[in-house]
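As C-alpha cells, the structure follows; a few thoughts come after it.
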Amino acid sequence: MTAPARRLTPAAAGAGWDAAVGALVNPSDRRGGTLRLVTSADVDSLDPARTYYVWVWLLQRMLNRTLMAYPTDPGPAGLVPVPDLAEGPGQVGDGGRTWTYRLRPGLRYDDGTPITSADVAHAVRRVFAQDVLPGGPTYLIPLLDDPARPYPGPYRSAEPLRSVRTPDEHTIVFHLNRPFSDFDHLMAQPCAAPVPRRADTGADYGNAPLSSGPYRVAEHRPGSFLHLERNPHWDPATDPVRPALPDRVELTIGVDVDDLDARLIDGEFDINLEGRGLQHAAQHRVAADGVLRSHTDNPRTSFLHFVSIQPHIPPFGDVHARRAVHYAADKILLQQARGGPVTGGDLTTALFPPRLPAHQDLDPYPTGPDLRGDLDAARAELAAAGLPDGFEAVIGTQRGKFRLVADALVESVARVGIRLTVKELDVATYFSLGAGHPETIRRHGLGLIVTDWGADFPTEYGFLAPLVDGRQIKRNGGNWNISELDDPVVNDLIDQSLHTTDPGERAHQWRAVERRVMEHAVMLPLVHDKTLHYRNPWVTNVYVHPAFGLYDVQAMGLVRDAPDGTDS
Ligand code: ARG
C-alpha cells in the first residue's frame, strides 16, 4: 500500500537552489496534516541513551526534550544551545566545575506524570551503564566519575552517583571533576533527556520510551515503520524550540536508496530524514530539470574527509616522510574521487569546518597553483628523510567511496616514488575494529588511513579533541586519534580551552592547536563533505540545521493537509 502523491499545481519553481541553507524555506505556522518521512536505514535506537545516528538525534528532537537544546535557527545562533526543559543556561560555579540548572514549572511526560530533576539525574546515571545500554555518546562519564571508585550505573548499584545532586525536584547540580566549558552542549544530547527510574526497563526501554517532547510513539515496527502522534501533555507554552505543526509523523523505514529518491521526487514521501543525499540517478534527473533543481540544497555536512598518517608505522616516524605525502597529494584528483564539488565536498587545507569560530585559512603544505601537488617540495622532504627514491607503505581503507580516495592517493604519491599498497578493511566494523583499533593499524602496518569525522557537538573541542587529544586514544577500539598524537603542547592547549569561557580567547587557543597539529603533518585534510538534499515544495519551515548538517524535521509543517490539493 502506498500513500497517494502530494502535488502543488501548477508545478511552480521552488524557493531555489540551496535556499534552505542559512535560511528558512516556506516559513509558516500552519498546523495539521501528516508529515511523511523516509529512510533506507533502520533507527539505531529509540532509547535516548543509545542512539548515535545524527538523523535519529533529529527525530529525538520531536520525542524528547533536554535541559538545553539547539534552537530552531538556520543561522550561526543554531550552534548555541538554549534553555529547553531548563529555565536558563547552566549556572557555572567553582571555576567551571559546577553546573546548576532549574527546570521550568509544569513539565509533563506523555503519561501525564511530572518531569523532575531526579529523572534527569537518572538519565545521566544510565549513561554509565555501558554494559546494559551501549551505543550512545559517553562524554559525561570521565567528567562525572570518581576514578578511585568508578560508578557502575543504576542497574548494578543502588548507590547514587555522588557528582550529580538534586536538592529539590526542580534543581540539578553537576559537580564535574574538571572544568568543561562545553557542558551546555552535553545537556543538549539525547542521552541527557529525562527518564524516570520507575519507567526504566534497562535494555528494553527503547521499545516503549516515555516522551517529553511534542510527539510520542504511536506504533513502531523496527525495520519497517515508525508512526508518531501528538503528546497530549506537551505544553507549547513551556517549549521555546519546537513549533510541532503536523498532527502526525509517519516514517517509512528500509526503502532502497534509488527507489527512495524516485518516490521522494514523485511526491510519495515529503522528506528523506536520513539525509544521505540524492544518489547518482536522481542527481542526474535533478541537474537536468530547473524546477527540481530549485527544490535542492547542497549544504556542507560538517564532516571532514581526511587521511590519517601514523608516526608509529615506519617510515612515518620522520615528519619529512609525512610531509612528502602532503606535498605530493593531487587535491583535484582526490576531490574527484570523493565525488566532485557538489556531492564530494569543498577542498580544504585546514581542519575546522567553516561554521566554527576558530576556522582559519591555513595551508602549510601548498600543492601548487593548480592544486595538483608540489612534486619538488615532496622530493625535498623525501631527501630530508633520507629516502630520496621514495618508500613503500600500506594505506587502509574500505570498499566504496573511501576506496576511490585511497586509489587517488596511490596515484598521487607514485609520482615521487612512494609506492602504496591498498588494504581494504571491513565496512561494518571500520571505525570500531578497523581504522579505530590501534591493534589493527599495527597488525597490517597501516601507515595511512582514509577516514572521515563529524563532531558530536558543534564546538572546537567537540570537533578536534577526539582526533588529537593524547588522553583520548582508545586502545580497545572506537579510537579516533588514529595517529596516536600525544603532544603535551596540544594537550595543554585543550585543557586551557576547557577553562576558558570567553569565545574569542577560546578560538585563539584552538587556532594554535590546529597550527600545531598541522605542523606534525599527521592529518592530510581533503574536503569538507557536501551532500545534495531534495525538499518537496509543500513542506514548510525547511532548513538545514547548522548544528546537525541535516534538515531539522521537527520544525517542518505542510502547506495543506490532504494529497492532490483536495482541501486547498
Ligand atoms: N562522531 C561520529 C562520527 O564522526 C558521529 C558523528 C555524527 N553523529 C552525531 N550524533 N553527532 O562518525
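The values are calculated or read from the model by the stated rules, or taken from the named source; none is laboratory data. Owing to the predicted nature of the structure, the values given are computational and were not obtained by experimental measurement. Heads up, the Cβs are rebuilt from the backbone with ideal geometry, glycines too, and the neighbour counts pull from every protein chain shown.
Can we say Arg355 is over 23 Å from Ile332 (Cβ atoms) and either charged (D, E, K, R) or out of contact with any Asp or Glu (no Cβ under 9 Å at 6 or more places or on another chain) (or both)?
yes
Yes or no, residue by residue, for (1) under 18 Å from Met187 (Cβ atoms); (2) small (Gly, Ala, Ser); (3) away from the ligand (no atom under 16 Å from the Cβ):
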{"site": "Trp55", "(1), (2), (3)": "no, no, no"}
{"site": "Pro71", "(1), (2), (3)": "yes, no, yes"}
{"site": "Gly90", "(1), (2), (3)": "yes, yes, yes"}
{"site": "Trp99", "(1), (2), (3)": "yes, no, yes"}
{"site": "Leu103", "(1), (2), (3)": "yes, no, yes"}
{"site": "Gly106", "(1), (2), (3)": "no, yes, yes"}
{"site": "Asp111", "(1), (2), (3)": "no, no, yes"}
{"site": "Thr116", "(1), (2), (3)": "yes, no, yes"}
{"site": "Val120", "(1), (2), (3)": "yes, no, yes"}
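Would a scan of the stretch 1-13 turn up a residue that is closer than 21 Å to Ala287 by Cα, at pLDDT 95 or above and in a loop (DSSP other than H, G, I, E, B)?
Among the residues of the stretch 1-13, not one is closer than 21 Å to Ala287 by Cα, at pLDDT 95 or above and in a loop (DSSP other than H, G, I, E, B), which makes the answer no.
Val422 passes all but one of (1) surrounded by fewer than 21 Cβ atoms within 10 Å (Cβ to Cβ); (2) in contact with a Leu (Cβ under 8 Å, 6 or more places away or on another chain); which number fails?
The number of the failed condition is (2).
Check the stretch 74-84 and report whether any residue there is surrounded by fewer than 24 Cβ atoms within 10 Å (Cβ to Cβ) and within 15 Å of the ligand (Cβ to nearest atom).
Looking only at the stretch 74-84, we keep the residues that are surrounded by fewer than 24 Cβ atoms within 10 Å (Cβ to Cβ), and these are 74-80, 82-83.
The next check asks that each one be within 15 Å of the ligand (Cβ to nearest atom); those that pass are 78-79.
Checked the stretch 74-84: at least one residue is surrounded by fewer than 24 Cβ atoms within 10 Å (Cβ to Cβ) and within 15 Å of the ligand (Cβ to nearest atom).
For the stretch 413-422, indicate whether the set of residues that are among the aliphatic types (A, V, I, L, M), under 17 Å from Ile482 (Cα atoms) and either assigned to a loop (DSSP other than H, G, I, E, B) or within 16 Å of the ligand (Cβ to nearest atom) (or both) is non-empty.
Scanning the stretch 413-422, I find no residue that is among the aliphatic types (A, V, I, L, M), under 17 Å from Ile482 (Cα atoms) and either assigned to a loop (DSSP other than H, G, I, E, B) or within 16 Å of the ligand (Cβ to nearest atom) (or both), so the answer is no.
Take Pro105 and decide whether it is in contact with a His (Cβ under 9 Å, 6 or more places away or on another chain), assigned to a loop (DSSP other than H, G, I, E, B) and surrounded by 21 or more Cβ atoms within 10 Å (Cβ to Cβ).
No.
State the number of residues belonging to the stretch 290-305 that are of a type in the set (D, E, K, R) and within 16 Å of the ligand (Cβ to nearest atom).
Total satisfying the criteria: 1.
Quick one: in the stretch 544-558, of everything that is under 16 Å from the mean Cα position of the chain (by Cα) and of a type outside the set (Gly, Ala, Ser), which residue is nearest to the ligand (Cβ to nearest atom)? Outline the logic, then answer.
Going residue by residue through the stretch 544-558, those that are under 16 Å from the mean Cα position of the chain (by Cα) are 544-553.
Imposing the further condition that a residue be of a type outside the set (Gly, Ala, Ser) reduces the set to 544-546, 548, 550-553.
On the way: Val544: 15, His545: 12, Pro546: 13, Phe548: 7, Leu550: 10, Tyr551: 15, Asp552: 14, Val553: 15 Å.
Per the stated criteria, the residue is Phe548.
What is the residue count in the stretch 252-264 for residues that are of a type outside the set (D, E, K, R), buried (at least 20 other Cβ atoms within 10 Å of the Cβ), out of contact with any Ser or Thr (no Cβ under 7 Å at 6 or more places or on another chain) and under 19 Å from Pro537 (Cα atoms)?
1
Answer yes if at least one residue in the stretch 385-401 is closer than 26 Å to Leu464 by Cα and of a type in the set (A, V, I, L, M), and no otherwise.
Yes, the conditions are met somewhere in the stretch 385-401.
What single numbered condition from (1) touching a helix residue (DSSP H, G or I) at 6+ places or on another chain (Cβ under 8 Å); (2) more than 20 Å from Asp363 (Cα to Cα); (3) not charged (D, E, K, R) fails to hold for Ile253?
Condition not satisfied by Ile253: (1).
Under 8 Å between Cβ atoms, at least 6 apart or on separate chains: pull out the pairs that start in the stretch 37-52 with a residue that is on the phi < 0 side of the Ramachandran plot and within 12 Å of the ligand (Cβ to nearest atom) and end on any residue that is of a type in the set (Phe, Trp, Tyr) and assigned to a loop (DSSP other than H, G, I, E, B).
Asp44/Tyr52; Asp44/Tyr53
Would you mind stating whether Arg97 is touching a Ser or Thr at 6+ places or on another chain (Cβ under 9 Å) and either surrounded by fewer than 21 Cβ atoms within 10 Å (Cβ to Cβ) or free of Cβ contacts under 8 Å to residues at least 24 places away in the same chain (or both)?
Values: touching a Ser or Thr at 6+ places or on another chain (Cβ under 9 Å): no; either surrounded by fewer than 21 Cβ atoms within 10 Å (Cβ to Cβ) or free of Cβ contacts under 8 Å to residues at least 24 places away in the same chain (or both): yes.
Considered against the rule, which asks whether it is touching a Ser or Thr at 6+ places or on another chain (Cβ under 9 Å) and either surrounded by fewer than 21 Cβ atoms within 10 Å (Cβ to Cβ) or free of Cβ contacts under 8 Å to residues at least 24 places away in the same chain (or both), Arg97 comes out as no.
Out of Glu274, Glu268, report the one residue that is touching a Phe, Trp or Tyr at 6+ places or on another chain (Cβ under 8 Å), within 28 Å of Met62 (Cα to Cα) and crowded, with 17+ Cβ neighbours inside 10 Å.
None of the other options fit; the residue is Glu274.
Can Asn541 be described as crowded, with 21+ Cβ neighbours inside 10 Å and away from the ligand (no atom under 16 Å from the Cβ)? Break it down into steps so the answer makes sense when it comes.
Numbers: crowded, with 21+ Cβ neighbours inside 10 Å: yes; away from the ligand (no atom under 16 Å from the Cβ): yes.
Judged against the criteria, Asn541 is a match.
To keep it simple, each residue is scored yes or no on (1) under 29 Å from Pro236 (Cβ atoms); (2) touching a residue at least 40 places away in the same chain (Cβ under 8 Å).
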{"site": "Gly106", "(1), (2)": "yes, yes"}
{"site": "Tyr109", "(1), (2)": "yes, yes"}
{"site": "Thr113", "(1), (2)": "yes, yes"}
{"site": "Asp119", "(1), (2)": "yes, yes"}
{"site": "Arg149", "(1), (2)": "no, no"}
{"site": "Tyr155", "(1), (2)": "no, yes"}
{"site": "Phe174", "(1), (2)": "yes, yes"}
